[in-house]
Structure formats: structure tokens, C-alpha cells
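Nothing in this text is a laboratory measurement; each read-out follows from the coordinates by a stated rule. Worth saying up front: this structure is predicted, and the values here are computed from it rather than measured. Virtual Cβ from ideal backbone geometry, glycine too; neighbours counted across all protein chains shown.
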Amino acid sequence: MQHTLNPGDILYQQGDRNDCAFLVAEGEVGLYRTDTGTTKLIDRRGAGSLVGESSIILGKERAVTAKAETACTLFRIPADRILRQFDSLDPVLSACINTTISFVEALYNSESHLVIQQGENHSEIHKVIQRLQTEHDLTVGLERGEFHVVYQPIVEVSSGQIAGFEALMRWTHPENGPMRPDHFIAIAEDISAIWNITVIAIVEACRTLRLSRDTLGRDLFASINISARDLARHDFVDFLANVLDQYDLAPDCIKLELTESALVSKNAMTETNLERLRQLGLGISVDDFGTGYSNLGHLQLLPIKTLKIDKSFADGVHASNTAKGIVRMLVALGNELNVDIVAEGIESAIDVSVLEALGCRYVQGFFFFKPMAQDDLLKALTQQAAEVA
Ligand code: C2E
Ligand code: MG
Ligand code: MG
């Protein structure tokens, strides 16, 4: 990992293969470029800077010779460590880095002549273009009203009755058709468009709650997915309170679904909002519970009303003793915290009965209902009422 060099030692030569970069911990490294027989010092890298990173990112041989100018200590960073992280970068950011490095290399190159820059890695460039296109379409789609909410009923296992629903966002892209939230929520968060989506979810869910009360006399609860960025807004609680007021709904019929990571935010506005939500009587539902790293002490301080056990434990629970053990533990935790448990993503009758036996109060999953349009939700409620009567 650690290398020491004496003044004049060569770290690598121009044209060498690249398998690592180096972090200079002490001393100074000179970068020399030889073109048509002439060698020039083109840069000096001191403590805290990197050497050899550009050839790794660009996937080319060393463009310069690196030589210790003084006694140096360096740490070796393997190429795969850099590239592994690089793969998960926002493609626009990685295109920026590639282009900047190519530009700097062109400046270093004394023989450089004007060439038209072209993206070399076509699949990377294609990813960037696609991403920018989706960002554009999403912004335009919000203006054009291409987003709508579907409702997945949440069923009380003991009675089999629909007790509430989760509001799930859908985007009908004019050319590509229906888009899954997994393909647009994270992008909407990145480009600060998520609040527009959350506003649609809140207003539509409240409208549906009011409609089921007015037309069927049914008081349901609505679970609404909220992103960490929404919870950090200064106007978040006021907006919610206004919509509840507008539809004359009690705060306890709304559960805000937040993931564990969104809840552990250190943001001061988030903390203030959570306290205001508690005072208002609005509940938090912890989404995908069990998949994050909750600080249970912290959870205890929040206005949590529900834990949603993630599909990865709940669906198929009958066939796994480990999953059964985890669900049993989560139900016990729910009882201890005095909160409801919803098991998510349940697809089979056998899992429903195992979950009921384990003490799980609510189930949401394709076994009972898939996400559906508002009309279909009202029909399902009407049908249940007829069966009970
Ligand atoms: P989630 O909140 O955990 O929602 C549950 C997801 O599981 C939904 O996928 C639902 O359709 C799916 N699901 C429910 N039951 C089953 C089942 O039995 N089998 C299978 N295979 N899947 C089932 P969907 O609608 O694609 O949403 C995916 C994620 O997108 C949601 O996960 C949520 O994190 C996010 N999301 C959806 N709508 C919104 C929104 O309005 N705002 C925000 N911030 N996120 C949203
Ligand atoms: Mg959810
Ligand atoms: Mg979930």
C-alpha cells in the first residue's frame, strides 16, 4: 500500500500500463511529458494530491512520467477501487470528469492541435443522454399533468376488510408509456422536482379519503410516501395541515411513509417538522422496515404509528425460519412501541395465515389487491360492504 521514493526515483513511465493511482502523503512528484523528443515538466503534485488518476478514469496508458522531486511517501490506490465508485456516479457527473480530464490532458500536450471532442464510450454517453432526456420529460410531464396516483388497499387480516390504502405514483410517459416509480422518484429528488410529486400524492390521497367517506361512509387511512427532501422543507407541515383542513379530514387518517434513512436525518428543519407532526397528531409509517439500520432509541422519540415490514422478509415467510424469526421479532418490537404492523408485498394465502399467526395486524400485497385506480378502489369497498351486509 505505502511506497517511499528518493529524489529522482521514477514512479511510472509515460506509456506504462495503468493499474493504480497514488495519493501523495509527503513530498513532491513531478509529471513529465515527452513529445517528439522534448521532455517538459508539466505539473507538480504535493501532499494531499493524486497522481495517475486520469489514465485510470480514461482507461488509457500513462500520459506522463511521474518522478519524485523530493523524498516522497505515497499510498497506492488500486484502479478497481476508483472505477467501482465511478460506476455508481451520476452519469452526468462522470461525463463531466471524463471531459475535464481530457481537456486538461490536451492542455498538457505540447503538440496538441485542435480536435473535435467526441464521447469515446458510446454506452456511457448514451446513458447521459437518456438521463438528461428523462429529467427533461419529467419536468415537462409534471406541467402537462402526466402523473397520477393509484391506490393499493391495506387489509386488516382478522376481518379481511380494507382499512386504508397506500398512494403510489404513476407516470404515463407520452412515448414510453407507464413508468415505474423506481425509474423516476430518485431522478425527481436529484432535480428538486420531488415536491411537485409529493403535492400530487397528498392532494389526491386526501381527495380519495374524503370521497370514500362521502359516498360510502367509510373512514379509511391513507399512507403517503414522503421523501427526506420533503420532510426538510419549511412549508411541509403547513401545506399538509392546509390540505387536511380543505378536505375536513382528521390528522390521524394520514400516515407519512418514510424510510429509516430519511428518519435519521440530522437536518434541523426535519427535526422541527417531526415535532410539529407529533403535535398535530399525524403519524409516521416506517417503510421497508428491517432493510435499513435504524437507531431504535431514535425511533422511540418519533411519532411512529406503523412499521411496514419489507417484502424481503414478509413475502415467503412460511418457507423460511429465519424470516419467521425476523417477523416475530419485528411484531414484538411493534407491540413494545405500541405501533401497528403492516406486512408488505404478500403474494400468497399461506403467508397471510403465517403472518396473522405471528401477530401481524395488516397486510398489503398482490394476494389481496394490486395498486388500482380510484374508481376501482371505490368498487372494491362497495363490494366488501355488500358482502358484509
Ligand atoms: P414502497 O413504498 O415500498 O411501495 C410498495 C411497492 O411494492 C409498490 O411498488 C407496490 O406496487 C409494490 N407491491 C405491493 N404489493 C406487492 C406484491 O405483492 N408483490 C410485488 N412484487 N410488489 C408489490 P411501486 O408502486 O412500483 O413503488 C415502488 C416504490 O416507489 C415505493 O416503494 C416507494 O418507495 C416509491 N414511491 C411510489 N410512489 C411514490 C410517491 O408518491 N412518492 C415517493 N417519494 N415515493 C414513491
Ligand atoms: Mg411505501
Ligand atoms: Mg415499502
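Observations on the model:
- The chain: calculated mean residue ellipticity at 222 nm from DSSP helix runs of at least 4, using -39500 (n - 2.57): -13000 deg cm²/dmol
- Dividing the convex hull volume of the alpha-carbon atoms in region 200-327 by its residue count gives 118 Å³ per residue.
- Here's the list of lysines a cross-link from LYS305 could span, going by alpha-carbon distance under 23 Å and ignoring same-chain residues fewer than 8 apart: LYS255, LYS266, LYS324.
- Annotation: the residues GLU275, GLU135, GLU166, sorted from fewest to most other C-beta atoms within 10 Å of their own C-beta, follow the order GLU275, GLU135, GLU166.
- Hydrodynamic radius (Kirkwood) for region 175-270, which is based on Cα pairs only, to one decimal in Å: 14.6 Å
- Among ILE191, ILE224, ILE77, the largest mean-square fluctuation in a Gaussian network model of the chain, built with springs joining Cα atoms closer than 10 Å, belongs to ILE77.
- With a cut-off of 9 Å between beta carbons, the residues surrounding HIS318 carry a summed charge of 0, where Lys and Arg count +1 and Asp and Glu -1.
- Gyration tensor verdict on region 307-374 (Cα atoms; rounded if a/c is under 1.5, prolate if a/b is larger than b/c, oblate otherwise): oblate
- Ordering ARG144, ARG361 by the number of other Cβ atoms within 10 Å of each residue's own Cβ, fewest first, gives ARG144, ARG361.
- Sorted by Cβ density within 10 Å, fewest first, the residues THR70, THR36, THR99, THR65: THR36, THR99, THR70, THR65
- Intensity falloff of the chain expressed as log10 I(q)/I(0), Debye formula with alpha-carbon point scatterers, at q = 0.07, 0.08, 0.13 Å⁻¹: -0.50, -0.61, -1.05
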